[in-house]
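The next block holds one structure in the form of structure tokens; read it before the comments.
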Amino acid sequence: MTVEIKTPDEIEKMRAAGALAAAQLTMIGAHVKPGVSTGELDRICHEYTVNIQKATPAPLNYRGFPKSICTSVNHVVCHGIPSDEKILKNGDIINIDVTPRKDGFHGDSSKTFIVGKGSVLAERLIRICQECLYRGIKTVRPGAHLGDIGHAIQTHAERNRFSVVREFCGHGIGRIFHDEPQVLHYGQPGTGIELSPGMTITIEPMINAGKKEVRLLPDNWTVVTKDHKLTAQWEHTILVTETGYEILTYRSDDTIPRCS
Ligand code: MF3
Ligand code: CO
Ligand code: CO
């Protein structure tokens with residue numbers, strides 16, 4: 001397996017694409033309220049991406065995906081399809097996953113929001129999942145191994161009696177939306193390929209409140225927890241730097257440093 005090393009010019013374009021993903025998640029947050037449909041959230045993001053950012057929503061028509069963003073509500077793990085029939089209600093949780101492409105490069109990021117006031121469990125699941133993402137990111141530096149990321153995530157999730165989804169993973173990213181390597185969210189330290197400066201990857205743990213097993217719905221996209229318990233996800237696009245990491249999709253609501 002060969003993992004692409006980005007040139008300084010390519011890294012600049014990845015920063016630009018990442019900034020657009022971050023801006024979209026910040027923008028859409030104001031629209032996540034009881035009564036809004038996931039179809040409406042999709043339209044707002046689509047218009048913003050195309051008309052304001054002059055970028056392309058990479059999910060649209062990607063392997064047949066019909067919409068511009070993924071909206072995954074409550075027990076939906078990932079790849080939820082926005083719909084005018086799906087109306088958010090108080091206490092729901094929703095992951096919004098956006099991937100603008102600009103100048104040929106992708107920025108991929110997601111965040112789980114609470115609609116109105118969430119349960120104690122929902123709040124805790126979302127917080128622990130974000131902590132899992134942050135713990136994974138903090139292992140990133142030249143010489144670290146992919147397994148270090150997965151181990152940090154798995155350890156934190158399971159210590160809190162949550163489980164890690166195995167079927168979906170982070171990925172290399174650049175001109176290609178889903179490139180090598182696969183970034184597993186579980187594993188053993190020191191295993192897997194070694195990270196080098198100039199690699200760009202996503203880390204995007206899906207953490208379940210119940211068991212780790214998932215099921216694919218007949219629409220062939222929507223992934224749900226088998227036990228129908230809550231699930232959360234957070235995602236950032238990360239650059240491996242000489243000194244550690246840089247979060248290319250960093251937002252002002254992030255609570256770790258952008259770079260190490
Ligand atoms: N953004 C997702 C990821 O993090 C992929 C969505 S693919 C789609 O990798 F087709 F469902 F949009
Ligand atoms: Co991704
Ligand atoms: Co994504």
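The values are calculated or read from the model by the stated rules, or taken from the named source; none is laboratory data. Since the model is a prediction, treat every value here as computed from it, not as a measurement. Neighbour counts run over all protein chains shown; Cβ positions are idealised from the backbone, glycine included. Accessible surface areas use protein heavy atoms only, side chains included; no ligands, DNA or RNA. Shrake-Rupley method; radii C 1.70, N 1.55, O 1.52, S 1.80 Å.
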Checklist entry - Does any residue in segment 188-210 that is without any contact (Cβ under 8 Å) to a residue 60 or more places away in the chain and under 15 Å from Glu131 (Cβ atoms) come within less than 7 Å, Cβ to Cβ, of a residue that is open to solvent by 10 Å² or more (accessible area, probe 1.4 Å) and part of a loop (DSSP other than H, G, I, E, B) six or more places away or on a different chain, and which pairs are these? => result none
Item to check | Subset of segment 241-258 (residues that are in a strand (DSSP E or B) and either surrounded by fewer than 24 Cβ atoms within 10 Å (Cβ to Cβ) or within 15 Å of the chain's Cα centre (by Cα) (or both)) | outcome: Glu246, Ile247
Item to check | Filter result (in contact with a strand residue (DSSP E or B) (Cβ under 9 Å, 6 or more places away or on another chain), more than 30 Å from Lys13 (Cα to Cα) and not hydrophobic (A, V, I, L, M, F, W, C)) within segment 105-118 | outcome: Gly118
Checklist entry - Looking at segment 143-155, which of its residues are in contact with a Leu (Cβ under 8 Å, 6 or more places away or on another chain) and open to solvent by 40 Å² or more (accessible area, probe 1.4 Å)? => result His145
Next on the checklist: For segment 210-223, which positions are part of a loop (DSSP other than H, G, I, E, B), away from ligand 1 (no atom under 12 Å from the Cβ) and open to solvent by 20 Å² or more (accessible area, probe 1.4 Å)?
Outcome noted: Lys211, Lys212, Glu213, Leu217, Pro218
Item to check | Filter result for Val140 (more than 15 Å from ligand 3 (Cβ to nearest atom), over 25 Å from Thr225 (Cβ atoms) and open to solvent by less than 40 Å² (accessible area, probe 1.4 Å)) | outcome: yes
Checklist entry - Do any residues in segment 76-97 that are over 11 Å from Ala232 (Cα atoms) and within 12 Å of ligand 1 (Cβ to nearest atom) have Cβ atoms under 9 Å from those of residues that are open to solvent by 10 Å² or more (accessible area, probe 1.4 Å) and among the basic types (Lys, Arg), where the two are at least six apart or on different chains, and which pairs are they? => result Gly80/Lys86; Ile81/Lys67; Pro82/Arg43; Pro82/Lys67; Asp97/Lys111
Checklist entry - If you check every pair at least six apart or on different chains, which have Cβ atoms under 9 Å apart with a residue in segment 1-24 that is open to solvent by 30 Å² or more (accessible area, probe 1.4 Å) first and a residue that is modelled with pLDDT under 95 second? => result none
Item to check | Residue ID - farthest from Tyr134 (Cα to Cα), chosen from residues in segment 224-238 that are open to solvent by less than 10 Å² (accessible area, probe 1.4 Å) and not polar (S, T, N, Q) | outcome: Val224
Item to check | So Glu213, is it touching a Ser or Thr at 6+ places or on another chain (Cβ under 8 Å), closer than 21 Å to Thr155 by Cβ and either of a type in the set (Ser, Thr, Tyr) or within 16 Å of ligand 2 (Cβ to nearest atom) (or both) | outcome: no
Item to check | Single unsatisfied condition, Glu213 versus (1) touching a residue at least 40 places away in the same chain (Cβ under 8 Å); (2) of a type in the set (Asp, Glu); (3) away from ligand 3 (no atom under 14 Å from the Cβ) | outcome: (1)
Item to check | Cβ pairs under 8 Å, 6+ apart, first in segment 100-127 and within 16 Å of ligand 2 (Cβ to nearest atom), second aromatic (Phe, Trp, Tyr) | outcome: Arg101/Phe177; His106/Phe177; Asp108/Phe177; Ser110/Trp234; Lys111/Trp234; Thr112/Trp234
Checklist outcome for this item: Residues of segment 89-115 being away from ligand 3 (no atom under 14 Å from the Cβ), touching a Lys or Arg at 6+ places or on another chain (Cβ under 7 Å) and not polar (S, T, N, Q), in sequence order, are Gly91, Asp103, Gly104, Phe105, Val115
Next on the checklist: Please determine whether any residue of segment 164-186 is farther than 25 Å from Thr243 by Cα, in contact (Cβ under 8 Å) with a residue 40 or more places away in the chain, buried (at least 19 other Cβ atoms within 10 Å of the Cβ) and under 16 Å from the mean Cα position of the chain (by Cα).
Outcome noted: yes
